[in-house]
């Protein structure tokens, strides 16, 4: 029997500055709760607009339930952390966001986000985010200084979202020009949290890490993907319940703004002018054909890519669970913002619905390829209409 799987708490072993005793930072309790300000202009550092890192975490306290962790940064002040339990059905996930001086937490598959107000909790989260950025983007992004007495050590001051010092510093131990350990030190010099590099890839980037809190190992991490040429919409750094484009109603149906979850698929182009009945029949044929080619199970829900007239253009045969890396001949999509119509009557799908989603997209968003998920509810066909959003840049 499969063990009961739970998300490890952000205030627990994951991202350790929030554990046990409250760890105070100078000025955290005194900072005024001023209105949040939007992020500044995007500002690449050394030609890098930001970074994306996908990892697999294994907690020392729960090795049977590995987590997938994705961290996205657009410099200087947009951050998104996603964390989900591998293999959980339904997927157990939560997300942390930074957008300028606004911080939010979308907790455990919830639909309503929580504001992380200025003060202790926000400062702790920001320190965690900056510690990770310092290692993954080394050496850019921080004003590192060298102590004459410790030539293999670099330090940098940590600042809050409003630019004020947090009363803690980053401390990096080097082996040559690259860090082998980066930690957060209190003003008295004690180490609170650290990331240690256990292995490097062929390009000299971190491959395996170990996180510790107060010297105690918390998790090990295998980095599966690390990119610095990235482009993400502003909406990606805001919880879905706080994005533009919500609240529109078309034909009695509300437009929803949510993140399109990653999925692994095989795309099969349909002949021109294929009607819906032929497309659904073709889906079943292709799903049966592909079932013997992969070990993972296939999603039984017909997923059909649409053309501009909301007619079938291609089949998207999906695995039950997203796979990283994808099997040969398959593709795994990335998580991205999207606009949805849920449970539309099947005969309500028309070009007008598709156009309504396109008009609802936020500024700077480019419409991706729309698709429909066709449901059978007690013999009645309904569908979810989904428009993924891409960055124009």
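Contact order for the stretch 240-391, expressed relative to its length and based on alpha carbon pairs under 8 Å spaced 6+ residues apart, stands at 28 percent. Can you tell me the orientation of helix 276-291 relative to the chain, as the angle in degrees between its alpha-carbon axis and the longest Cα principal axis, to the nearest 10? Between the helix axis and the principal axis of the chain, the angle is about 60 degrees. Calculated mean residue ellipticity at 222 nm for the chain: -3500 deg cm²/dmol, from DSSP H runs with n ≥ 4 weighted as -39500 (n - 2.57), summed, divided by the residue count and rounded to 500.
Just checking the listed ones, 218, 260, 45: in the Gaussian network model of the chain with Cα springs under 10 Å, the one fluctuating most is 45. Between 354, 280, 131, the Gaussian network model of the chain with springs among Cα atoms under 10 angstrom shows the greatest mean-square fluctuation at 280. Among 186, 370, 296, the largest mean-square fluctuation in a Gaussian network model of the chain, built with springs joining Cα atoms closer than 10 Å, belongs to 296. Applying D = kT/(6 pi eta Rh) to the stretch 64-158, where Rh is the Kirkwood radius over alpha-carbon pairs, T corresponds to 25 °C and eta to 0.890 mPa s, the Stokes-Einstein value obtained is 161 µm²/s. Set the Förster radius R0 to 56 Å, insert the Cβ-Cβ distance between residue 143 and residue 278 as r into 1/(1 + (r/R0)^6), and round the FRET efficiency to 0.05. The value I calculate is 0.35.
The C-alpha atoms of the chain define a longest principal axis, and helix 120-136 lies at about 90 degrees to it. Under the criterion of Cα pairs below 8 Å and six or more residues apart, the relative contact order for the stretch 176-329 equals 14 percent.
Fully extending the segment from residue 46 to residue 296, taken as 0.36 nm per residue of separation minus the present Cα-Cα distance, adds 85.8 nm.
Extent along the principal axes, Cα only, for the chain: 75, 46, 42 Å, with the longest axis given first. Express in whole angstrom the spacing between the alpha-carbon centres of the stretch 262-328 and the stretch 345-369. What the calculation gives is 21 Å, centre to centre. What would the Debye equation give as log₁₀ I(q)/I(0) for the stretch 240-391 at q = 0.15, 0.16 Å⁻¹, counting only Cα atoms as equal point scatterers? Debye intensities relative to I(0), on a log10 scale: -0.80, -0.90.
Values quoted throughout were computed directly from the atomic coordinates according to the rules given, and no laboratory measurement underlies them. Everything numeric in this text was worked out from a predicted model, so none of it was measured. Neighbour counts are summed over all protein chains in view; Cβ atoms, including those assigned to glycine, are modelled from backbone coordinates with ideal geometry.
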